[in-house]
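Novice: After the structure tokens below, expect a handful of questions from me.
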Amino acid sequence: MKSLRSNSPRGNILRAAGLACALFALSAHAQQAAAPSDAQIAGIVVAANQIDIDAGKAAKAKSKNKEVQAFAQQMITDHSAVNKQAGDLVKKLKVKPEDSDTSKGLKSAAKQTADKLKGLSGAEYDKAYADNEVAYHQQVLDALDKALIPNAKNAELKGLLEKVRPAFVAHLEHAKMVVASLAKK
Amino acid sequence: MIPRPRTLALLALFASAGLVPPAPASGAGTGHEVRIEGMKFVPARIEVHRGDTVTWVNQDLVPHTVTAQKAGLESGQIDHDKRWTYKASKAGEIPYVCRFHPGMRGILVVK
């Protein structure tokens, strides 16, 4: 665990590489596997949002940095709002969100990340959380563009995915700002 | 009989020089709308007259705010499909942001 706790460039690279591998595998899987059904897409959307809500709650409880706290609160608010809309839509469409290898993989990768973050504190934690948020939003955007939006069959579901995309882009930019700001300290 | 083309030309000249006064502040003003969509204020810049109202309509799935602390503009949280209306009473240029999303900026110009 020492290398994960290290704030050395090597430690950071290892952390980022581990997460990138897990998410790349998910993104690649989402593209290669049989096209996900609408129910599976709904399951992936709900899982992806819930993961970032949970990460935000953990960061809000653990970080002492105001910028990180504000970002974490934003993730909780925005992803909760998206999940509410997604929940309302699947009810209306009478679609039950289904688990898939992709949603299961997302949850498993998120648990690994959460476990890693639990072992960190202070500035190391803030940096690892912010780095993870950059990587996570980038990968979720890739999955949206390459697997979810192209395969959504229901027009309203596709519309919801398209509508949520700019928020994920804004989150990615916001996370990069937090990373840059932390690097100055 | 006053030649109409000259009158029109004079009016155009005054207007281009900014000499045509804005609508009076009293009475019912015009209503304007700014959409919040795709994490942007649309239009990003809006010009209104004193007494007009501006309504921000949130068409995004996530909540936003319309905030300009120095000008005392604060909508509070505007949820999806909700709106917030502001009556422009004081002339000036008011740059505003969404408190939640640092990249979102707009300008309200009150004449």
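The values are calculated or read from the model by the stated rules, or taken from the named source; none is laboratory data. Predicted, not measured: the structure shown is a model, and the values here were computed from it. Cβ atoms come from the backbone with ideal geometry, glycine included; neighbour counts cover every protein chain shown. When the accessible area is computed, the model is the full protein with side chains, heavy atoms only, and any ligands, DNA or RNA have been set aside. Shrake-Rupley method; radii C 1.70, N 1.55, O 1.52, S 1.80 Å.
Novice: Indicate the residues belonging to the stretch B:34-62 that lose 50 Å² or more of solvent-accessible heavy-atom surface (probe 1.4 Å) upon moving from the chain alone to the assembly of all protein chains, ignoring ligands and nucleic acids.
Specialist: Going by heavy-atom accessible area, the residues of the stretch B:34-62 that drop by at least 50 Å² are B:39, B:61, B:62.
Novice: Provide a list, ordered by number, of residues in the stretch A:146-173 showing at least 40 Å² less accessible area with every protein chain present than when their chain is taken on its own, using a 1.4 Å probe.
Specialist: By number: A:163, A:166.
Novice: Roughly how far apart, in whole Å, are the Cα centres of the stretch B:33-74 and the stretch A:124-185?
Specialist: Here the answer is 24 Å between Cα centres.
Novice: Here is a follow-up. How much of the pair distance distribution for the stretch B:32-111 lies past 15 Å, counting alpha-carbon pairs only, in percent? Mind dumping the intermediate values first?
Specialist: Details: 1540 of 3160 pairs.
For the stretch B:32-111, the fraction of Cα-Cα distances above 15 Å is 49 percent.
Novice: Let me ask something else. Suppose the Debye formula is applied to equal point scatterers at every Cα of the stretch A:37-183; what is log10 I(q)/I(0) at q = 0.13, 0.19 Å⁻¹?
Specialist: With one equal scatterer per Cα and no solvent, log10 I(q)/I(0) is -0.56, -1.10.
Novice: Quote the FRET efficiency, to the nearest 0.05, computed for residue B:77 versus residue A:108 with a Förster distance R0 of 35 Å and r equal to the Cβ-Cβ distance.
Specialist: After rounding to 0.05, the efficiency reads 0.55.
Novice: Rounded to the nearest whole Å², what accessible area per residue is found for the stretch B:50-100 with the 1.4 Å probe?
Specialist: On a per-residue basis, the stretch B:50-100 sits at 50 Å².
Novice: Sticking with this one: Quick one: compute the contact order of the stretch A:120-185, relative version, from alpha carbon pairs under 8 angstrom and 6+ residues apart, as a percent.
Specialist: Relative contact order comes out at 52 percent.
Novice: Give me the summed buried accessible area for the A-B pair, 1.4 Å probe, to the nearest 100 Å². Before the final figure, lay out each step's value.
Specialist: Numbers: alone 9590 and 7230 Å², together 15740 Å².
That pair hides around 1100 Å² of surface in total.
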